[in-house]
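One structure is given here, and the rest of the page talks about it.
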Amino acid sequence: MTTAAERIVEFLAAQGIDRAFCVPGESYIALLDALHGSAIDLVTCRSEGGAGFMAVADAKLTGRPGVVLVSRGPGACNASIAVHTAEQDAVPLILLVGQVERRDLRRNAFQEIDYANMFRGVAKWVGEATDPEQVPELIARAHAQACGGVPGPVVLSLPEDVLAMDCAAPALPATLPSPLPPSPADAARLAVLLRGAERPILLAGHGFEAEGGREALLAFAEAWQVPVAVSFRRQDLFPNRHPLYAGDLGLRNPDAQRAAFAEADLVLALGTRLTDITTQGWTWPVPGQRLVHVCADPRFLGWLFPAELAIAADARATIAALGTESAGAPAGRAAWTARLHDLHLSDCQVTPRVWEDGVAFAEVAKLIERVAPADAIVTLDAGTFGAPFYRKVGWRPPQRLLAPVSGAMGFGVPAAVAAALRHPDRRVIGLVGDGGALMTGGEFAVAVARGAPMTLILSDNGSYASIRIHQERAHPGRVSGTSLINPDFAAWCAAFRVPVTVVESQADLPALEAALRAPGISAVVVRTSLEAVLPK
């Protein structure tokens, strides 16, 4: 007889899920056994948060749900950061939690948590099996919920004894709705609005992350000659040096760029939820601007911004409905497009400067832009060191930039490990600050153990610099809680038994370039200037 745990593995494998991430726990020992010898590669991680971040990154690269397995209580709590990240990043994630036995449910047993209450408000769906015959239905529902509409995280609680029980119910086929197109009337109206707009701007979001989305976006923008801006931390959706690229909507956009975006006579928000950062603190689109908002989930339509046309539809299906031919653009649009692109380019310059306390990390970013291959994958942790990669570097598909829209520290190293496992043939560069490095940096051991080729670049400035910047603006000279006393990071990296390069000044940048060009796995520690980023 087949166990409930084996039904889960059978279903996941049938959906093409070939990898899962875990920290082992006795509460799902039957699921670990079911994975033994299966077609699914089980990656054993060092922390549940790291395992969850790896699953999120893997899902970003494959378009399939990332799968992470954790034990009850502490394991689920540690993994919750990945659930939040998947929700904010619109990434499909399935968190499988080994739960207490059925007899102990809702009795405050050892390590018991009611996961429906715990994850309410952050997960798209939470289920719990109380009978083995429910398991095939629940895992199929979890998969459908994770992938449907705006993708996101789901949680399935699996009591330890239920997993080990025989399950007569067969595995179910996956049922996913087809991408919803706009109605013919809405598509026709949108085409009329686009043809008549002299100063349109297309805001592209998560709806173009799936395979083929970037190519479809580029083809549509070129056919309709509409400038493209990308939502928060999605710079790799559109080639940044293309004449139609207008920049990103992120933290602290330049005043001139914000003013120009406010002049648009049509904002076409495609596949985005119009969150606070993308809307520049709920200030854009400005009152009076014509807005067309397209999102696969109607829950995100009609919030703060009244749309002239709100369409509950898939972004790619929407542009497909408009076709690739347009009736031409108004005469003034070429000048508008050039103006937006020039404003973007004017913010990309980096002037080298010598700092006594280290290297300005913007110079590292520009070096990576120059050296990174056309198919490189770059992962970023949260932190000030990452800021230049959003504004100073010109990304070009198929390059990938994996960065946490949620702003979660600890993402960078696990994401790089997952990318190197998924694409060992591509150059993977993982960047992390000295804060995030000691959160989940231990996952670098997984890359070493697996022989996954990647270059880890660690920025060491002895500070939680992002918070220090805010602190200096609000309370100048009153440093509190933001200074770090760090270990010898070069020795820490060397303990993983990989080649280590140390960059102390601009004179060492050629050594960094050599490390980036070298094959295999390696680490680089950069003494980064704090003075370069603090308010002047």
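The residues of the range 68-82 that are surrounded by 24 or more Cβ atoms within 10 Å (Cβ to Cβ) and either within 23 Å of residue 148 (Cβ to Cβ) or outside the structural domain of residue 152 (by TED's automatic domain parsing) (or both), listed by number, are 68, 69, 79, 82. When you scan the range 161-168, do you find a residue that is among the acidic types (Asp, Glu) and out of contact with any Asp or Glu (no Cβ under 7 Å at 6 or more places or on another chain), even just one? Yes: one or more hits. Mind checking which pairs have a first residue in the range 190-217 that is farther than 23 Å from residue 262 by Cα and a second that is surrounded by fewer than 20 Cβ atoms within 10 Å (Cβ to Cβ) and not polar (S, T, N, Q), Cβ under 6 Å, 6 or more apart or different chains? Every condition considered, the pairs that remain are 210/63; 211/63; 214/397. Consider residue 319 carefully, then state whether it is within 26 Å of residue 216 (Cα to Cα) and touching a Phe, Trp or Tyr at 6+ places or on another chain (Cβ under 6 Å). So residue 319 passes the test. Scanning the range 58-104 for residues being in a helix (DSSP H, G or I), among the small types (Gly, Ala, Ser) and under 13 Å from the mean Cα position of the chain (by Cα) gives a total of 3.
Consider residue 337 carefully, then state whether it is under 26 Å from residue 504 (Cα atoms) and surrounded by 21 or more Cβ atoms within 10 Å (Cβ to Cβ). When the stated conditions are applied, residue 337 does not pass them. Can you work out which of the residues in the range 347-398 that are over 25 Å from residue 56 (Cβ atoms) and aliphatic (A, V, I, L, M) is surrounded by the most Cβ atoms within 10 Å (Cβ to Cβ)? In this case the residue turns out to be 359.
Taking the listed residues 87, 133, 160, the one that is under 25 Å from residue 209 (Cβ atoms), among the acidic types (Asp, Glu) and not assigned by TED's automatic domain parsing to the domain that holds residue 416 is 87, with no other qualifying.
When the range 155-181 is limited to residues that are buried (at least 16 other Cβ atoms within 10 Å of the Cβ) and of a type in the set (Asp, Glu), the one that is farthest from residue 113 (Cα to Cα) turns out to be 161. Would you be able to tell me the number of residues in the range 351-367 that are touching a residue at least 40 places away in the same chain (Cβ under 8 Å) and either farther than 14 Å from residue 506 by Cα or not aliphatic (A, V, I, L, M) (or both)? Residues that pass the stated criteria total 8. Here are 457, 485, 467, 521: which of them is over 26 Å from residue 43 (Cα atoms) and surrounded by 15 or more Cβ atoms within 10 Å (Cβ to Cβ)? Among 457, 485, 467, 521, only 467 is over 26 Å from residue 43 (Cα atoms) and surrounded by 15 or more Cβ atoms within 10 Å (Cβ to Cβ).
Note on the range 117-148: residues that are closer than 18 Å to residue 73 by Cβ and either charged (D, E, K, R) or under 19 Å from the mean Cα position of the chain (by Cα) (or both) amount to 4.
For every residue, the table says whether it meets (1) in a strand (DSSP E or B); (2) of a type in the set (Gly, Ala, Ser); (3) at pLDDT 95 or above.
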site	(1), (2), (3)
259	no, yes, yes
264	no, yes, yes
269	yes, yes, yes
272	no, no, yes
275	no, no, no
294	yes, no, yes
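Looking across the range 472-501 at every residue that is among the polar types (S, T, N, Q) and touching a Gly at 6+ places or on another chain (Cβ under 7 Å), the one that is farthest from residue 455 (Cα to Cα) is identified as 483. Considering every residue within the range 490-498, establish whether at least one is surrounded by fewer than 16 Cβ atoms within 10 Å (Cβ to Cβ), of a type in the set (Gly, Ala, Ser) and closer than 19 Å to residue 368 by Cβ. Checked against the condition, which is being surrounded by fewer than 16 Cβ atoms within 10 Å (Cβ to Cβ), of a type in the set (Gly, Ala, Ser) and closer than 19 Å to residue 368 by Cβ, the range 490-498 yields no hits at all.
The set of residues in the range 297-342 that are farther than 27 Å from residue 212 by Cα, touching a strand residue (DSSP E or B) at 6+ places or on another chain (Cβ under 8 Å) and either of a type in the set (Gly, Ala, Ser) or not assigned by TED's automatic domain parsing to the domain that holds residue 242 (or both) comprises 302, 307.
Which count do you get for residues in the range 427-456 that are part of a strand (DSSP E or B), over 15 Å from residue 387 (Cα atoms) and either of a type outside the set (Val, Ile, Thr) or in contact (Cβ under 8 Å) with a residue 60 or more places away in the chain (or both)? Residues that pass the stated criteria total 3. The sole residue among 14, 4, 39 that is more than 22 Å from the chain's Cα centre (by Cα), within 16 Å of residue 94 (Cβ to Cβ), touching a residue at least 24 places away in the same chain (Cβ under 8 Å) and surrounded by fewer than 17 Cβ atoms within 10 Å (Cβ to Cβ) is 14.
The values are calculated or read from the model by the stated rules, or taken from the named source; none is laboratory data. Keep in mind that what you see is a predicted model, and the values were worked out from it rather than measured. Backbone-built Cβ (ideal geometry, glycine too); neighbour counts: all protein chains shown.
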